[in-house]
1. What is the count of Lys pairs in segment 32-182 whose alpha carbons sit under 25 Å apart, if the two are 8 or more places apart or on different chains?
2. Counting only pairs 8 or more places apart or on different chains, how many lysine pairs in segment 192-325 have C-alpha atoms closer than 26 Å?
3. Could you quote the convex hull projected area for segment 277-342, Cα atoms only and averaged over all directions, in nm²?
4. So what's the net charge close to residue 265: Lys and Arg +1, Asp and Glu -1, counting the other residues with Cβ under 13 Å from its Cβ?
5. Of the DSSP beta bridges with both residues in the chain, give the percent that are antiparallel, rounding to the nearest 5.
6. Averaged over all directions, how much area does the convex hull of the C-alpha atoms of the chain cover when projected, in nm²?
7. Hull surface divided by four, with the convex hull built on the Cα atoms of segment 196-257: how many nm²?
8. By counting other Cβ atoms within 10 Å of each Cβ, how are 403, 190, 221 ranked from fewest to most?
Amino acid sequence: MIKIQTAFERQREIYIRGIAGQRSDIPFNSAELRAKAKKYVSRAAWDYVDGAASDEATMARNRTALDEYRIIPKMMRNNSAASFSAELFDTRLPAPFLIAPIGALDMVTKRADVKIAAACRQTGTPFIFSNQAGDSMESCATVMGETDRWFQLYWSKSDDLVLSLVKRAEDCGCKAIVLTVDTTMLGWRSRDLSRGYLPFLKAYGIAQYTSDPVFMKYVRSRWEGEVQNDSKPGFTIDTIRHILQLRANYKGPFKEAMRSAQLFTQMYTNPALHWEQVSWLKSKTNLPVIIKGILHPDDAGEAVRAGADGIVVSNHGGRQVNGAVASIDMLPEIRRAVPRPFKILLDSGIRNGSDVFKAIALGADAVLLGRPYVYGLAIAGQQGVESVVRNLQNDFELTARLSGCRSLDEINSTCVHLPG
Ligand SMILES: Cc1cc2nc3c(=O)[nH]c(=O)nc-3n(C[C@H](O)[C@H](O)[C@H](O)COP(=O)(O)O)c2cc1C
């Protein structure tokens, strides 16, 4: 079991190193972290990671909504001893957060997902493998040791592929399936559209597919749902660049690379997804099924009725429906609609310890950390992710203890205030 440094121990270490002029490469302030990361990646990768749908109003709202809540610290609670670890679906969390599934990070750095997995092992933090990862779930699981992992599933147009991915997740020790339901079509992402840039066409983010026997069978023969694609790019310098990049990213024959990327774009989303499929999935696996992308209290009720084991209240970091509510805006109402012990996680806009505290206070059992760990990855690879995760662990611990809490149970709605 990994020993997590307490905030006090880590603060001491940081200040003592400071005497010798040694400073962290990873900024402690989230705005500075974001600004620094931008300098380390290509403009296309930056826009893909940092961008959101249309005018990006929902991404901005995620932040303002979290900021509008204020913590009301309670004093003199003797919390010299405190623990904020949690257990969720047989998964141990040193602090109440997991690493969110984020796809196509091989655009940011090579072997990105394996580096993140290694950072998770070092910090004891569970990792949710993305269905759009740049490294296969098996290669990530190998470096994680005993650290817990879950698998995030996109329901493609092939149920056989869905089942194959779920089986692989079971085999590599994942403890839950997170079914993302808000991306049955790709959102209208203005920055990527302006560039005409979709990472998957360059074979970024398709490793779960190209390592899958069912998908590769379709690549090598035919998939019954396949349609002839008539739109062809013109032949320019950029086309040559694209081809070279695709070639570099794909470990296999070039013709197969082209075909894999194109077949993927036809299969990976499924607008026909409906609630009955949750019970079907439940009948095919013993793993808990958690539905990610819930914003409406009625849908939280649907998830319970469909037999789901938990939900993630999420607007996908504002990448899907521009103008959608912030996740935190809906959390109290959703918690009232689906009371404990039903498990609720939340993401979208989590940037620091006080955001985690507010989400727990408003009814979440845990949160998912999204873009900030990618910023750490961009700056310093595995070490960068580790630092971002440790900073959040420590920042949360101090926020909770300075607010008078000794455990997650003590963080409740009396600890926060919404002005107005
Ligand atoms: C670049 C990028 C790629 C993402 N890829 C996935 C994905 O493959 N699967 C998924 O369920 N969610 C994906 N998400 C959504 C995250 O899991 C999470 O909901 C979101 O990042 C939360 O917003 P925040 O990062 O602003 O806190 C992605 C988010 C980003 C920024």
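No value in this document is a laboratory result; all are computed from the given coordinates. Keep in mind it's a predicted model, so treat the numbers as computed, not measured. Backbone-built Cβ (ideal geometry, glycine too); neighbour counts: all protein chains shown.
1. Count of close lysine pairs: 11.
2. So the count works out to 13.
3. Details: hull surface 18.9 nm².
Taking a quarter of the hull surface, the average projection is 4.7 nm².
4. That works out to +2.
5. Numbers: 6 of 31 bridges.
So the antiparallel bridges amount to about 20 percent of the total.
6. It is 21.1 nm².
7. Numbers: hull surface 19.5 nm².
About 4.9 nm², averaged over all directions.
8. Numbers: 403 21, 190 16, 221 7.
Ordered by Cβ neighbours within 10 Å, fewest first: 221, 190, 403.
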